[in-house]
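Right, one structure below, let's go through it.
The values are calculated or read from the model by the stated rules, or taken from the named source; none is laboratory data. Given the structure is predicted, the values throughout are model-derived calculations rather than measurements. Every residue, glycine among them, receives a Cβ derived from its backbone with ideal geometry; neighbour counts consider all protein chains shown. What goes into the accessible areas is simple: the full protein's heavy atoms, side chains included, and nothing from ligands, DNA or RNA. Shrake-Rupley method; radii C 1.70, N 1.55, O 1.52, S 1.80 Å.
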Amino acid sequence: LLAGAGVSLTNPYFTGWWATVGSGQMAALRLERPLDYGVFLAAHEAGDAVWYLFVSVVLVAGRAWLTDHVYQVLLTLCAAVIVALGVGFVLSAARLVARGLAGPPAAAADGNVPVP
């Protein structure tokens, strides 16, 4: 566990992810208390553990059916998902920038400003 934590902390992608996507997720969730952040981090890490356990089991069990063709199809599907996520992130960012360029949201009749 300590070696894994050390690798994660020294991995530039780990820091980059938390500085961008991770902090964005926490901001979107409007976490307020230290406990909120702890629960978010624990749930995120638990999700990673479950995902990597699933991937490990599939890789071990899949040696019999993972032919070169199946492997290429899986790589292509994974690449398509990554591209779709990237496009989604770019479109989301473009909407945020466009909203920011349009100025702050107008106040409602009761004087409250809607929260996006």
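Mind checking the angle between helix 34-61 and the chain's longest principal axis? C-alpha axes, 0 to 90 degrees, to the nearest 10. Computed tilt is about 30 degrees. A 1.4 Å probe run over the protein chains yields, for the chain, 82 Å² of accessible area per residue, whole-number rounding. Using the Cβ-Cβ distance between L59 and N11 with R0 = 22 Å, the FRET efficiency computed as 1/(1 + (r/R0)^6) comes to roughly 0.55. Answer rounded, prolate or oblate for the stretch 23-108, using the Cα gyration tensor with square roots of eigenvalues a ≥ b ≥ c: rounded when a/c is under 1.5, else prolate when a/b is larger than b/c, else oblate. It is oblate, given that a/c is not under 1.5 and a/b is not larger than b/c. Full extension of the chain between L35 and Y52 yields a length gain of 3.6 nm, computed as 0.36 nm times the residue separation minus the alpha carbon distance.
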